[in-house]
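Inspection log for the structure reproduced underneath, given as structure tokens.
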Amino acid sequence: MLAVTIPTPAEFAQAARWLGGLTLFIGVVTAVAFIAQWGIRFRLVGITAFMLVLTGGLFALGLTPVTRTVLPDAVRYTTVYDNGGTQAVIAVPRDITPTQLHATLQQAANDLFSYGRLAKGEPVLTIRARTLLHPEPGVTEPVYLGYVRRSLRQREDPAMVIELDTQALARVAANHSGS
């Protein structure tokens with residue numbers, strides 16, 4: 001398996017410094033091209049402008065961490081519904097424990113938070129966790145295991161509420177051990 005390392009903000013800042021120096025050099029070459037009336041002077045303007053955009057992007061990445069926080073005990077989930085506003089549903093595996101579900105709901109609340117979400121009325125994001133049961137062949141039943149409600153206005157929400165449906169968890173556990 002190929003190991004992938006994510007660049008740190010310091011590495012992005014270093015790359016921005018190098019690219020910034022190269023951009024200044026190309027800018028000087030562009031100025032000389034205009035003074036000397038070279039035929040490629042307008043192409044050099046485009047190259048310089050593009051390098052300025054790249055330098056600005058690397059500078060911005062040097063200010064903000066690119067990595068996301070991964071909570072211990074959180075399991076992988078899939079977002080199966082997200083209206084871009086106040087409602088989202090995630091799918092979790094059937095063999096999830098209450099501790100893992102709690103951590104996964106917290107992880108989803110962190111991952112799906114965005115200041116760009118639209119809300120009519122109360123600015124609260126509700127994320128529900130569900131799994132699928134197959135009580136008989138050909139029948140699939142979604143079972144909602146819990147939800148998290150968090151503010152759409154604050155990244156660090158002190159009033160975040162996580163509720164687990166213990167009856168649904170017990171039902172899924174009994175169904176999972178029986179299959």
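The values are calculated or read from the model by the stated rules, or taken from the named source; none is laboratory data. From a predicted model like this one, the values you see are computed outputs, not experimental measurements. Because the Cβ atoms are built from the backbone with ideal geometry, glycine has one as well, and the counts that use them run over all protein chains shown.
Checked against the criterion of being over 23 Å from Asp157 (Cβ atoms) and of a type in the set (S, T, N, Q), the candidates Thr140, Thr126, Thr99 yield just one match: Thr140. Among the residues of the stretch 21-56, those that are part of a helix (DSSP H, G or I), exposed (fewer than 12 other Cβ atoms within 10 Å of the Cβ) and among the small types (Gly, Ala, Ser) comprise Gly21, Ala36, Gly46.
Within the stretch 86-98, is even one residue more than 18 Å from the chain's Cα centre (by Cα), assigned by TED's automatic domain parsing to the domain that holds Asp165 and not in a loop (DSSP other than H, G, I, E, B)? Yes. Residue pairs whose Cβ atoms lie under 6 Å apart, separated by 6 or more positions or on different chains, with the first residue in the stretch 155-170 and free of Cβ contacts under 8 Å to residues at least 40 places away in the same chain and closer than 14 Å to Arg130 by Cα and the second among the aromatic types (Phe, Trp, Tyr) and outside any helix (DSSP H, G or I), are Glu163/Tyr147. Taking the residues in the stretch 58-86 that are surrounded by fewer than 13 Cβ atoms within 10 Å (Cβ to Cβ), in contact (Cβ under 8 Å) with a residue 40 or more places away in the chain and among the polar types (S, T, N, Q) as candidates, determine which candidate is farthest from Leu132 (Cα to Cα). So, considering only residues that are surrounded by fewer than 13 Cβ atoms within 10 Å (Cβ to Cβ), in contact (Cβ under 8 Å) with a residue 40 or more places away in the chain and among the polar types (S, T, N, Q), the one farthest from Leu132 (Cα to Cα) is Thr64. In the stretch 33-46, is there at least one residue being assigned by TED's automatic domain parsing to the domain that holds Arg150 and either among the hydroxyl-bearing types (Ser, Thr, Tyr) or free of Cβ contacts under 8 Å to residues at least 12 places away in the same chain (or both)? Within the stretch 33-46 (the criterion being assigned by TED's automatic domain parsing to the domain that holds Arg150 and either among the hydroxyl-bearing types (Ser, Thr, Tyr) or free of Cβ contacts under 8 Å to residues at least 12 places away in the same chain (or both)), the answer is no, since none of the residues qualifies.
Considering every residue within the stretch 59-69, establish whether at least one is under 30 Å from Leu169 (Cβ atoms) and under 22 Å from the mean Cα position of the chain (by Cα).
Checked the stretch 59-69: at least one residue is under 30 Å from Leu169 (Cβ atoms) and under 22 Å from the mean Cα position of the chain (by Cα).
Just to be sure I understand, how many residues within the stretch 92-120 are of a type in the set (Asp, Glu) and surrounded by fewer than 16 Cβ atoms within 10 Å (Cβ to Cβ)? Talk me through it step by step, then tell me what you get.
Our first condition is that a residue be of a type in the set (Asp, Glu); within the stretch 92-120, this holds for 95, 111.
Remaining after also requiring surrounded by fewer than 16 Cβ atoms within 10 Å (Cβ to Cβ): 95.
Looking only at that region, the number is 1.
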